[in-house]
Amino acid sequence: MAWFKKSGDDKKDGAKQRQHDRVQCDGEVLTLITESGSDGLSFELLDVSLGGFAITGYEGPLHGNQYFEFRFNGELGSGEVTIEGFANVVRVKNGMLAAKFTPQPKIKAFFRNYIDLK
């Protein structure tokens, strides 16, 4: 019998409850920005939320708890939209990289609008 609930365990079976709903992506691209400020590799987004994103096809040097800069490119009815920001790697496994946004009000406002209009 556990006396204290584990942090993040909000369901009876111990599975972690997500803070933000994921939205499946279709054609959105995320480009890593290198330390020199130039564009690095680009990847297809699996999903995005107000808290972060997941990309597929990643086989690179980033690892858990590492910060990186990115550029998001997507399309809405009004045309192409783009934004740059920072994220923190949550996990890298089987060609997938999951990351969470660092506290950036403009990123949160951008993705709230993007998700609402998608």
With the requirement that a residue be of a type outside the set (D, E, K, R) and either free of Cβ contacts under 8 Å to residues at least 12 places away in the same chain or open to solvent by 60 Å² or more (accessible area, probe 1.4 Å) (or both), what does the stretch 45-89 give you?
L46, P61, H63, N65, Y67, G77, S78, G79, T82, F86
What residue, of L50, L62, L46, L41, is closer than 23 Å to P105 by Cβ and not charged (D, E, K, R)?
L50
Taking the stretch 3-44 and keeping only residues that are open to solvent by 40 Å² or more (accessible area, probe 1.4 Å), at pLDDT 80 or above and part of a strand (DSSP E or B), one is left with Q24, V29, D39, L41, S42, E44
Based on this model, can you work out whether I115 counts as modelled with pLDDT under 95, of a type in the set (A, V, I, L, M, F, W, C), open to solvent by less than 50 Å² (accessible area, probe 1.4 Å) and part of a helix (DSSP H, G or I)?
yes
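The values are calculated or read from the model by the stated rules, or taken from the named source; none is laboratory data. What you are looking at is a predicted structure, and each value in this text was computed from that prediction instead of being measured. Glycine also receives a Cβ, built like all others from the backbone with ideal geometry; neighbour counts cover every protein chain displayed. We work out accessible area using only protein heavy atoms, side chains counted, and drop any ligands, DNA or RNA first. Shrake-Rupley method; radii C 1.70, N 1.55, O 1.52, S 1.80 Å.
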